[in-house]
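A.B. asks: Quick one: the structure is below, questions incoming.
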Amino acid sequence: MANSDTPLKVLVTGATGYIGRRLVERLLTDSTIAIRVLVRNKNKLQAAVTDKVEIVEGDTFDEECLKLALEGVDTAFYLIHSMGSDKDYQDLDRKSADNFRRACIAAGARRIVYLGGLGVKESASKHLMSRIETGEILSEEPDKIQTIWLRAGVIIGSGSASFEIIRNLVQKLPAMITPKWVKTLTQPVGIEDVLSYLAACIRLKEDADQIVDIGAETLSFKDMMRQASEVMGLRRYLIPVPVLSPRLSSYWLILFTPVPVKLAAALVEGLKSETTLQNDNARRLFPEIEPASYRKSVEYAIEELEQNQVVSRWCDSSGNTACDIKDYDNPAGAILRDIREVELNNISPESVFSSVCSLGGDQGWYRYTILWRARGFIDKIFGGFGLNRGRRMNGEVRIGDALDFWKVADVKTNKRLLLYAQMKIPGKAWLEFDIHEDKLIQTAHFLPRGVWGRLYWYSVLPLHYFVFRDLAKKIVLHAKEI
Ligand SMILES: NC(=O)c1ccc[n+]([C@@H]2O[C@H](COP(=O)([O-])OP(=O)(O)OC[C@H]3O[C@@H](n4cnc5c(N)ncnc54)[C@H](OP(=O)(O)O)[C@@H]3O)[C@@H](O)[C@H]2O)c1
């Protein structure tokens, strides 16, 4: 360990994901720690941290980059998973964990801290099984490196997938037909407590490997929905039915919550089995942390949403589909385009940029809301995100943010916003806003995939004509009022 005057070097992987982003912000409050992050695209990092941390760009499949990232590191946080990938994510997760452990040992790191899922192998879903395997691989050589493996079930925080599901169901449905799994027991934990446990692992005075289950009180999902509705001041009715298959339950989630089909199916699969603490190591090793009740965590999450202070969301990570791959921020290869130009007539580029950055979410897309909603609905039917993801914060965008069915692929303050389409379409699409001194140029770019791609583009051309024409005009009109 470094002497007490030298800051302890800590590596945070997954620093553009839900947990990692928040952990970096938490660790920045500790001046005895020097933070290094390993990220696949450094442009995705929030501005508040970029000049306060050391950044290594790359991934866990690149040996050289791991070597660089781990040099001189005492504690290495492993906050990565490959679930969003189209490839076999279990295999990727195994390789990634194996590479990471080997690289940590080679670099002489003292400790790996990993956050996995709560639950037992016997009833584990495919996703949880992969999380368990990752923990096992990371802790495969206890004589060479110590691993602290935290295990959490449902995490309650603004923007977490579980919380967003509960919040959306409770807000949108006065009465709910509920499947059997709402009686399954779990021990949710607030995100602030998760961060406290993770941060406390750095100074833990234990040399042996540890598996630490974390969570607050035991509740069923029904209790969680009921308490959440009480916190939100809403009266809700839950009507249990004996048969509601996992498949039907996931369709239910797709329709009423922001999660896409793959994630909904994985979550429902996970909800079928109990996720309660299997050990009391959290109390033994971290007696100073008293986890907040579920109700308190819900209150806190809602407060963050109301104050427009959401640091990270479940859809921050790229799932190997955008933003971690650099080509997504360049639509030059597109071959079909809809270009609109609107004169600014003395409206400042700053105001136009603000107007562009307020698109989506509750604010919507100015006109033809019904068409945007219909497009979102069709996207949901085909397994996409639809419009339900909304936006992280009003008025602020950063690269990697989800914005309805788009991902923010590039932001140049007062000059450019580039959105990459994550909707289900036969090709690749971008929506670009280029702001000049005297005009706004809005371009919809499309790279069709085969004949279906071209048919799609030409069939929606009449709709695009009105929607895109009016969008550009309205952005400038709105800028006038800013
Ligand atoms: N969130 C929860 O509710 C929850 C609950 C229980 C346990 N956990 C555990 O917490 C850990 C972190 O989860 P999370 O929710 O923060 O995940 P997340 O939001 O999906 O973020 C995953 C992060 O990993 C990065 N990443 C993926 N593959 C990588 C690779 N090969 N090399 C480098 N970076 C890579 C992603 O980068 P890009 O941004 O480039 O995609 C992203 O930053 C996981 O082990 C998860 O099982 C989470």
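The values are calculated or read from the model by the stated rules, or taken from the named source; none is laboratory data. The shown structure was predicted, so the numbers you read here are calculated from the model rather than taken from an experiment. Note that each Cβ is placed from the backbone with ideal geometry, even for glycine, and that neighbours are counted across all protein chains shown.
A.B. asks: Tell me the residue from 254, 211, 239 that is in a strand (DSSP E or B) and over 30 Å from residue 30 (Cα atoms), please.
C.D. replies: Values: 254 fails: in a strand (DSSP E or B); 211 fails: over 30 Å from residue 30 (Cα atoms).
239 is the lone residue from the list that is in a strand (DSSP E or B) and over 30 Å from residue 30 (Cα atoms).
A.B. asks: Among the residues of region 328-345, is there at least one that is assigned to a helix (DSSP H, G or I), within 16 Å of the ligand (Cβ to nearest atom) and out of contact with any strand residue (DSSP E or B) (no Cβ under 6 Å at 6 or more places or on another chain)?
C.D. replies: no
A.B. asks: Can you tell me which condition residue 95 does not meet? The list is (1) more than 8 Å from the ligand (Cβ to nearest atom); (2) closer than 23 Å to residue 228 by Cβ; (3) not aromatic (Phe, Trp, Tyr), and all the others hold.
C.D. replies: (2)
A.B. asks: Please go through region 281-296 and pick out each residue that is closer than 22 Å to residue 205 by Cα and touching an Asp or Glu at 6+ places or on another chain (Cβ under 8 Å).
C.D. replies: 281, 282, 285, 289, 291
A.B. asks: For residue 324, which of the numbered conditions (1) over 30 Å from residue 394 (Cβ atoms); (2) surrounded by 16 or more Cβ atoms within 10 Å (Cβ to Cβ) fails to hold?
C.D. replies: Evaluating residue 324 over (1) over 30 Å from residue 394 (Cβ atoms); (2) surrounded by 16 or more Cβ atoms within 10 Å (Cβ to Cβ) leaves (1) as the failure.
A.B. asks: Then there's this: Could you give every pair whose Cβ atoms fall below 6 Å, whose first residue belongs to region 15-37 and is assigned by TED's automatic domain parsing to the domain that holds residue 49, and whose second residue is near the ligand (Cβ under 9 Å from one of its atoms) and in a helix (DSSP H, G or I), counting only separations of at least 6 or pairs across chains?
C.D. replies: 16/44
A.B. asks: Oh, and also: What about residue 16, is it part of a loop (DSSP other than H, G, I, E, B), under 22 Å from residue 102 (Cβ atoms) and within 21 Å of the chain's Cα centre (by Cα)? Walk me through how you get there before you give the answer.
C.D. replies: On the way: part of a loop (DSSP other than H, G, I, E, B): yes; under 22 Å from residue 102 (Cβ atoms): no; within 21 Å of the chain's Cα centre (by Cα): yes.
Here the answer is no, as residue 16 does not meet what is asked.
A.B. asks: Within region 173-208, which residues are β-branched (Val, Ile, Thr), farther than 19 Å from residue 268 by Cα and not in a helix (DSSP H, G or I)? First the steps, then the outcome.
C.D. replies: Initial filter on region 173-208 (β-branched (Val, Ile, Thr)): 177-178, 182, 184, 186, 189, 191, 194, 202.
Pick out the ones that are also farther than 19 Å from residue 268 by Cα and you get 191, 194, 202.
202 - this is the single residue of region 173-208 that is β-branched (Val, Ile, Thr), farther than 19 Å from residue 268 by Cα and not in a helix (DSSP H, G or I).
A.B. asks: Hey, could you check region 360-402 for residues that are more than 22 Å from residue 265 (Cβ to Cβ) and acidic (Asp, Glu) and say which is surrounded by the fewest Cβ atoms within 10 Å (Cβ to Cβ)?
C.D. replies: The first filter runs over region 360-402 and keeps only residues more than 22 Å from residue 265 (Cβ to Cβ), leaving 360-375, 391-401.
From what is left, the residues that are acidic (Asp, Glu) are 362, 396, 401.
Numbers: 362: 8, 396: 15, 401: 25.
Among those that are more than 22 Å from residue 265 (Cβ to Cβ) and acidic (Asp, Glu), it is 362.
A.B. asks: Would you point out the residue of region 451-466, among those that are aliphatic (A, V, I, L, M) and out of contact with any helix residue (DSSP H, G or I) (no Cβ under 8 Å at 6 or more places or on another chain), that is surrounded by the most Cβ atoms within 10 Å (Cβ to Cβ)? Don't jump to the end; show me each part of the working.
C.D. replies: In the first step, residues of region 451-466 are kept if they are aliphatic (A, V, I, L, M); the result is 451, 455, 460-461, 463.
After this cut, where a residue has to be out of contact with any helix residue (DSSP H, G or I) (no Cβ under 8 Å at 6 or more places or on another chain) as well, the list is 451, 455, 460-461.
Numbers: 451: 9, 455: 12, 460: 15, 461: 11.
Checked region 451-466; the qualifying residue surrounded by the most Cβ atoms within 10 Å (Cβ to Cβ) is 460.
A.B. asks: Another question, then. Please count how many residues of region 214-236 are touching a helix residue (DSSP H, G or I) at 6+ places or on another chain (Cβ under 9 Å), assigned to a loop (DSSP other than H, G, I, E, B) and not aliphatic (A, V, I, L, M).
C.D. replies: 4
A.B. asks: Does region 152-163 contain any residue that is among the hydroxyl-bearing types (Ser, Thr, Tyr), near the ligand (Cβ under 10 Å from one of its atoms) and closer than 14 Å to residue 297 by Cα? So that I can check it myself, show each step before the final result.
C.D. replies: Looking only at region 152-163, we keep the residues that are among the hydroxyl-bearing types (Ser, Thr, Tyr), and these are 158, 160, 162.
With the extra rule that they be near the ligand (Cβ under 10 Å from one of its atoms), the set shrinks to 160, 162.
Still in the running and closer than 14 Å to residue 297 by Cα: 160, 162.
Within region 152-163 (the criterion being among the hydroxyl-bearing types (Ser, Thr, Tyr), near the ligand (Cβ under 10 Å from one of its atoms) and closer than 14 Å to residue 297 by Cα), the answer is yes, since at least one residue qualifies.
A.B. asks: Here's another thing I want to ask about it. Taking strands (runs of 3 or more DSSP E) that do not extend beyond region 393-442, which have at least 3 residues that are assigned by TED's automatic domain parsing to the domain that holds residue 42 and not basic (Lys, Arg)? Break it down stepwise before answering.
C.D. replies: On the way: elements: 406-412, 416-421, 427-435.
Counting at least 3 such residues, we get no strands (runs of 3 or more DSSP E) at all.
A.B. asks: Related question: In region 160-178, what residues are farther than 14 Å from residue 232 by Cβ and out of contact with any helix residue (DSSP H, G or I) (no Cβ under 7 Å at 6 or more places or on another chain)?
C.D. replies: 162, 175, 177
A.B. asks: A further question follows. Condition check: in a helix (DSSP H, G or I) and within 16 Å of the ligand (Cβ to nearest atom). Does residue 362 satisfy that? Don't jump to the end; show me each part of the working.
C.D. replies: Numbers: in a helix (DSSP H, G or I): yes; within 16 Å of the ligand (Cβ to nearest atom): no.
Answer is no for this residue.
A.B. asks: Any idea how many residues of region 104-131 are more than 10 Å from the ligand (Cβ to nearest atom) and assigned to a helix (DSSP H, G or I)?
C.D. replies: Of the residues in that region, 9 qualify.
A.B. asks: Scan region 60-87 for residues that are in a loop (DSSP other than H, G, I, E, B), modelled with pLDDT of 95 or more and within 9 Å of the ligand (Cβ to nearest atom) and report the count.
C.D. replies: Applying the first criterion (in a loop (DSSP other than H, G, I, E, B)) to region 60-87 yields 60-62, 71-74, 79-87.
Of the ones still in play, those that are also modelled with pLDDT of 95 or more are 60-62, 71-74, 79-80.
If we keep only those that are within 9 Å of the ligand (Cβ to nearest atom) too, we end up with 60-62, 79-80.
Count: 5.
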